[in-house]
1. Could you list log10 I(q)/I(0) for the chain at q = 0.18 Å⁻¹, which the Debye formula gives when each Cα is one point scatterer?
2. Determine the order of THR64, THR147 by accessible area, beginning with the largest, at a probe radius of 1.4 Å.
3. Where does the charge balance sit around PRO43 when Lys and Arg score +1, Asp and Glu -1, over other residues with C-beta under 14 Å from its C-beta?
4. Can you sort VAL94, VAL119 by solvent-accessible area, 1.4 Å probe, largest first?
5. What number, in percent, do you get for the relative contact order of the stretch 37-121 if the mean sequence gap of Cα pairs under 8 Å and at least 6 apart is divided by its residue count?
6. Beta carbons within 10 angstrom, averaged per residue: use that to sort the peptides 134-141, 26-33, highest first.
7. For the stretch 83-108 and the stretch 112-170, what is the separation of their C-alpha centers, rounded to whole Å?
8. Using θ = phi - 60° and the Karplus relation 6.51 cos²θ - 1.76 cosθ + 1.60, list the HN-Hα couplings for the stretch 149-156 in order, rounded to whole Hz, with x at every Gly or Pro.
Amino acid sequence: DGTPLPPAQCPAAIALRERRAVRGAEAFVVRPDGSKRWIAPHPDPIFDAAGNFAGIVNVLFDVTEQREVGEALRASEERLHEGLAAASMGSWRVDLATGLRTRDANLNRILGLPPVVTVLPFTDGPQLIHPDDLPATRAAWDEAVATRGTYQAEFRIRRTDGTERWLREQ
């Protein structure tokens, strides 16, 4: 956040004091030319042949580009969700490896659920689909996954207030 880090809290000082590797920290540095770069320090303790602590070695990785890409991606996702909300649309994504589905706040509103981002098992979605529409919807999903093709389905859902709505997913 631009606040100077007290020397005792920097990863290298922690590695020296606690004689352990430190990971997960990022900070920006101001170079002599005034430019700023984000770094990820990786200090590791060094021990001599007898096992006595001898110091640390600290490798600094420049992660400026990764942070910039991450910020651009977050801004893009924010604009996407604003557009989806304006169009009364929602989105979800599923991680096929873990089986977890992430629904955005807009989709939850459409489904009649609290408007917060949720991460749930993929199997929670079919519970909302009208039973008469579930076989065709599952078949469309299975076909898209099997062929790595496009998923499209149109079906009814039962909202928590008991009303039904038609949805189209693609």
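The values are calculated or read from the model by the stated rules, or taken from the named source; none is laboratory data. Source: prediction; values computed, not measured. Virtual Cβ from ideal backbone geometry, glycine too; neighbours counted across all protein chains shown. For accessibility, only protein heavy atoms count, side chains too; no ligands or nucleic acids. Shrake-Rupley method; radii C 1.70, N 1.55, O 1.52, S 1.80 Å.
1. -1.12
2. Listed by decreasing accessible area, they come as THR147, THR64.
3. Around PRO43, the charge tally is +1.
4. Largest accessible area first, the residues go VAL119, VAL94.
5. Relative contact order, the stretch 37-121: 18 percent.
6. My ranking of the peptides, most packed first, is 134-141, 26-33.
7. So the two Cα centres are separated by 11 Å.
8. x, 8, 9, 9, 8, 10, 7, 9
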